[in-house]
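No value in this document is a laboratory result; all are computed from the given coordinates. All figures in this text were calculated on a predicted structure; none of them were measured in a lab. Cβ sites come from the backbone with ideal geometry, for glycine too, and all protein chains shown count toward neighbours.
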């Protein structure tokens, strides 16, 4: 397989799987952290990155792609499914996907240049991002100047303009301080890949629904797979174009001791803020505020970065599972679901903490851990569904994509085989 495909196919398959999982085991921005962390690790593996900065790249990928998860698009999909409003709905999906790629790409691209960013730069950048998000939301989204949801039936509060302006201000700032090339490439190609992916996925969904094709029933999931594949392909393309500057592996550095209780307390605090507290904020872009804090925390600590990318991401979909276990599908007492989610989260934290303490490569190991834990969580969620057999086709897709991503990893990074 040509070297170019290492940069295109691996991230595309990875993000297609991640996006499908995001739509099933955790929606919103927390669910979007799944494909974000996965594709960041896939890009690092394709680039041959084995250095300690991969932790921060993975955290920035998770949080950066997570920002777009604040967008609302259910009613936009509804427009796309109706013949008389189809193209307006497709336009809305394409625009929202493009904005998702623009901001997520800018954050992910900046992580590759973190060696040239001081703490004050991170603070200034996330401050401008929050400011831009607020202004775009107040000036365009809140007054519904360009609106892709239903004004008459339970209108949704959109955020795409806020996220777009926040991303643009990030890019302008990075360019002014001399680190704008990588963020710009990832942002521009993320804009194209996200827009094409979401628009095309919505079009496939709409045409299949109108043609009443019943061979495959879950066209919404097809839309998600398509979105993730095109988005991941585009980010891989950016990595290919920037490969001479980004292929900079360095020997693994000796890691400082990571205290058991201190690390547990820090991760517990981040989990409380991210998974449980942020939905309580009385502001439309609450995850942007939490995400800005997570980006700053990741830039200050590589050990904490691994937990932001892996542990917090897993914690979010574990607790999503517990909600369905009791409240949605009534499979047992609420305390059982919460206890299982808490124990699983602690187990992932401990595995990440122990691996980091060993001063060995974390990259492929973390990729496989997140991928297969997420797939296992999805299979368990299918199992507790009142009609579990209905999920067999989608569950099979998850397994096939996970096996494909694992095979691509083994092919391109055999020396990274986890031990």
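The gain in end-to-end length when the residue 261 to residue 360 segment is fully stretched comes to 33.5 nm, 0.36 nm per residue minus the alpha carbon separation. In the chain the Cα-Cα distances spread across 10 Å bins starting at 0 as 5, 24, 35, 27, 9, 1, 0 percent of all pairs.
For region 116-179, what class follows from the C-alpha gyration tensor (a ≥ b ≥ c being the square roots of its eigenvalues): rounded when a/c is under 1.5, otherwise prolate if a/b is larger than b/c, else oblate?
Prolate.
Set the Cα radius of gyration of region 344-419 against 2.2 N^0.38 Å, with N its number of residues, and you get 1.30. Under 16 Å from the 7 Å Cα→Cβ point of residue 335, by amide nitrogen: which residues of region 353-392? Once the point is set 7 Å along Cα→Cβ of residue 335, nothing inside region 353-392 turns out to lie under 16 Å by backbone N. Here the simple spin-label model places points 7 Å from the Cα toward Cβ, and for residue 138 and residue 296 these points are separated by 2.0 nm. The slack between residue 323 and residue 88, meaning 0.36 nm per residue of separation minus the straight C-alpha distance, is 81.1 nm.
Could you tell me whether region 28-108 comes out rounded, prolate or oblate from its Cα gyration tensor? Rule is a ≥ b ≥ c as square roots of the eigenvalues, rounded for a/c under 1.5, then prolate if a/b exceeds b/c, otherwise oblate. Cα axes put region 28-108 in the prolate bin.
For region 53-97, what class follows from the C-alpha gyration tensor (a ≥ b ≥ c being the square roots of its eigenvalues): rounded when a/c is under 1.5, otherwise prolate if a/b is larger than b/c, else oblate? Prolate.
Which of the peptides 101-110, 306-315 is most tightly packed, and how do the rest follow, judged by the mean count of other Cβ atoms within 10 Å per residue?
The densest-packed peptide leads the list: 101-110, 306-315.
Summary value for the chain: 25 percent relative contact order, contacts being C-alpha pairs under 8 angstrom separated by 6+ residues.
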